[in-house]
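Here is the structure we will look at.
The values are calculated or read from the model by the stated rules, or taken from the named source; none is laboratory data. Everything quoted here is computed from the prediction, not taken from an experiment. Glycine also receives a Cβ, built like all others from the backbone with ideal geometry; neighbour counts cover every protein chain displayed. Side chains are part of the model used for accessible areas, which takes the heavy atoms of the whole protein and leaves out ligands, DNA and RNA. Shrake-Rupley method; radii C 1.70, N 1.55, O 1.52, S 1.80 Å.
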Amino acid sequence: IDARVRLVDAAQYENRVRNFDFDMIVGGWGQSESPGNEQRNYWTSRAADTPGSRNLAGIKNPAVDALVDMVIAAPTREELIARTRALDRVLLWGHYVIPNWHIRFDRIAYWNKFGLPAHTPRHGTSLNYWWIDPAKERALAERRVQEPQVGEAGGRSPAVKMAVYLGLGVLLVLGFHGLRRYRRQAAE
């Protein structure tokens with residue numbers, strides 16, 4: 001495989017996606033817990049030929065078309081779940097995408113002064129379910145008094161040092177890519 005990445009501006013990218021003028025892109029299909037008519041725009045043969053549709057994979061499969069119609073016409077919640085799972089199996093079987101960005105947990109950095117639910121809500125972490133835990137807040141305040149902060153005797157805290165090193169690393173990577181782009185353009 002001789003893969004090449006081509007940089008394009010935002011407007012050109014939108015036009016290419018709208019007209020299916022690409023070999024591979026990074027994308028996703030957000031879903032609700034009650035899938036319905038929007039599934040036609042994502043998966044059907046008709047949508048594959050409609051510029052601007054969300055059928056980015058170009059799926060043209062009569063079985064998928066029939067399952068989408070069945071999902072939309074599901075008479076009960078149980079039938080909707082069963083038909084949606086059948087559609088999911090057929091789409092997975094077609095190997096239309098390379099799974100990306102999927103982990104079964106959320107990565108969040110925060111000060112440990114919050115109370116959190118014992119179980120993560122069904123749709124992932126939401127700050128709406130957090131609260132300030134007075135005991136944790138006091139313990140954090142005590143630790144902050146004990147550990148020197150930026151500008152105080154003893155230097156920087158480990159968290160600040162980590163942030164500085166991370167920032168320098170990001171700048172280094174961006175500078176390297178900028179230099180490569182500059183050299184490439186100068187060579188042309």
Report summary line: Filter region 16-43 for residues that are under 24 Å from residue 78 (Cβ atoms) and buried (at least 16 other Cβ atoms within 10 Å of the Cβ); the one that is nearest to the chain's Cα centre (by Cα) is 42
Report task. Find all pairs meeting these conditions: Cβ atoms under 6 angstrom apart; at least six residues apart or on different chains; first residue within region 9-29 and in contact (Cβ under 8 Å) with a residue 24 or more places away in the chain; second residue assigned to a helix (DSSP H, G or I). Result -> 29/42
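Would you mention how many residues in region 53-111 are part of a helix (DSSP H, G or I), β-branched (Val, Ile, Thr) and either free of Cβ contacts under 8 Å to residues at least 24 places away in the same chain or within 17 Å of residue 37 (Cα to Cα) (or both)? Outline the logic, then answer.
Start the filter on region 53-111 by keeping residues that are part of a helix (DSSP H, G or I), which leaves 62-72, 77-93.
Keeping just the survivors that are β-branched (Val, Ile, Thr) gives 64, 68, 71-72, 81, 84, 90.
In the following step, the residues that additionally are either free of Cβ contacts under 8 Å to residues at least 24 places away in the same chain or within 17 Å of residue 37 (Cα to Cα) (or both) were identified as 64, 68, 71-72, 81, 84.
Summing the residues that are part of a helix (DSSP H, G or I), β-branched (Val, Ile, Thr) and either free of Cβ contacts under 8 Å to residues at least 24 places away in the same chain or within 17 Å of residue 37 (Cα to Cα) (or both) in region 53-111 gives 6.
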Query - Cross-chain or 6+ apart pairs with Cβ under 8 Å, region 34-49 first and more than 13 Å from residue 91 (Cβ to Cβ) and of a type in the set (A, V, I, L, M, F, W, C), then assigned to a helix (DSSP H, G or I) and at pLDDT 95 or above - result: 47/40; 47/41
Query raised in the report: Given the residues 93, 130, which is the only one that is open to solvent by less than 90 Å² (accessible area, probe 1.4 Å) and among the aromatic types (Phe, Trp, Tyr)?
Result: 130
Query raised in the report: Consider residue 122 against the criteria (1) open to solvent by 100 Å² or more (accessible area, probe 1.4 Å); (2) part of a helix (DSSP H, G or I); (3) within 16 Å of residue 31 (Cα to Cα): it satisfies all of them except one. Which criterion is unmet?
Result: (2)
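Could you say whether any residue in region 91-101 is closer than 19 Å to residue 29 by Cβ and of a type in the set (S, T, N, Q)?
Yes, region 91-101 contains a residue that is closer than 19 Å to residue 29 by Cβ and of a type in the set (S, T, N, Q).
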